[in-house]
1. For residues that are more than 16 Å from ligand 1 (Cβ to nearest atom) and in a loop (DSSP other than H, G, I, E, B), scanning just region 119-132, find the one that is least open to solvent (accessible area, probe 1.4 Å).
2. Does region 80-91 contain at least one residue that is outside any helix (DSSP H, G or I), within 16 Å of ligand 2 (Cβ to nearest atom) and open to solvent by 70 Å² or more (accessible area, probe 1.4 Å)?
3. Out of all the residues in region 181-205, which are open to solvent by 20 Å² or more (accessible area, probe 1.4 Å) and either polar (S, T, N, Q) or part of a helix (DSSP H, G or I) (or both)?
4. Within region 187-209, count every residue that is away from ligand 1 (no atom under 16 Å from the Cβ), among the aliphatic types (A, V, I, L, M) and either within 17 Å of the chain's Cα centre (by Cα) or under 20 Å from residue 13 (Cβ atoms) (or both).
5. So in region 10-46, with the set limited to residues that are among the charged types (D, E, K, R) and in a helix (DSSP H, G or I), which one is farthest from ligand 2 (Cβ to nearest atom)?
6. Only one of 156, 99, 178, 116 is open to solvent by 10 Å² or more (accessible area, probe 1.4 Å), at pLDDT 95 or above and either within 16 Å of ligand 2 (Cβ to nearest atom) or not in a helix (DSSP H, G or I) (or both); which?
7. Among the residues of region 133-153, how many are open to solvent by less than 10 Å² (accessible area, probe 1.4 Å) and not in a helix (DSSP H, G or I)?
8. Can you tell me which residues in region 1-28 are more than 15 Å from the chain's Cα centre (by Cα) and at pLDDT 95 or above?
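The values are calculated or read from the model by the stated rules, or taken from the named source; none is laboratory data. Remember, predicted model here, so these are calculated numbers, not experimental data. We place every Cβ from the backbone using ideal geometry, glycine too, and count neighbours over all the protein chains shown. Areas reflect the complete protein model, heavy atoms only, side chains present, ligands, DNA and RNA absent. Shrake-Rupley method; radii C 1.70, N 1.55, O 1.52, S 1.80 Å.
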Amino acid sequence: MPATPIIIDCDPGIDDAIALLTAFVSPELDILGITPVAGNQPLPGTLRNALQICELGGRSDIPVHPGCDRPLLRAPLHGQFHGRNGLGNTELPPPAKSAEETGAAQFLIDTLTHAAGTGRRVTLCCLAPLTNIAVALRIRPAIAAGIARIVMMGGAYREPGNRTMTSEFNVLADPHAAHIVFSSGIPIVALALDATHQVILRPEHVADFVATSGRISEVLGALMAFWDRNQPERYGSRGGPLHDPLVIAWLLAPELFETRRARVFVETASELCMGQTIADWYNKSGLEPNADIVTRVDAPGVIGLLRDRLSRYAARGTAA
Ligand code: RIB
Ligand code: CA
């Protein structure tokens, strides 16, 4: 089966890093580029972290195109659980790899316009605020014809928010961009907190990943250990929710996920509920559904899949 062409839009970010490292060793995915955006960290931080993770994963071949350094309209908002440098304060070597001159929006426009012409449409893996995607769609709406689907981590439907009472970070950090993407008509698979809170990376999982992931085990262990929220009252155990890696897991094993179609709306006016994602489960709006929302996840299956993939860094020896 031919590899799926993808672009990974991200804000590394500990869970972004785990998602990237998983994608790097998955030949089912043809990674055309990585487009960091301001989110967990300001853009210089997410760009540096993306370059460093590419080198850690032995994938300096993948072009990294710097994206937007702020949301479309609202004030910038940054992550809380990723440490001072966005990678759990893990100090990786300064990247030898340079970012591309072409910015993320132009790279998206060029790549997706070409994809529309060839018919080899691209899957966008969105692990961050959707600013880059929204800007590219506003500049050249026709790129939608080059997008097979958007698989995004973001939103909260039946789950409470993780940054405010109602809202999940990626959508809250740029609600206007999220509105543009959900209004685009592009097929969307939405992995919200409803899905990601079903997959908690517990300390015993971390020990297993460390024991089996070869040359990245030290960094991976440090990243995963930092991710432990230590909030059993919220997550049912020690550990942290695996948000972004579920986007890659869905692409690799969609059978581990159940979805339900609904129309999704994004709150962009309310101060109290800014960035809330609302699912019209029973079609009260009369509008066509615009997303496949993931409702159930086979958590052991996903953990096992990630363990299998990350163990390939052991099998790959020193060179990835
Ligand atoms: O709410 C979780 C999301 O916000 C994840 O993408 C995490 O990396 C942060 O960006
Ligand atoms: Ca992220």
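1. Restricting to residues being more than 16 Å from ligand 1 (Cβ to nearest atom) and in a loop (DSSP other than H, G, I, E, B), the top hit is 119.
2. yes
3. 183, 184, 194, 198, 203, 204, 205
4. 1
5. Filtering first and then ranking leaves 15.
6. Answer to the selection: 99.
7. Result for region 133-153: 5.
8. Scanning region 1-28 gives 3, 4, 5, 25, 26, 27, 28.
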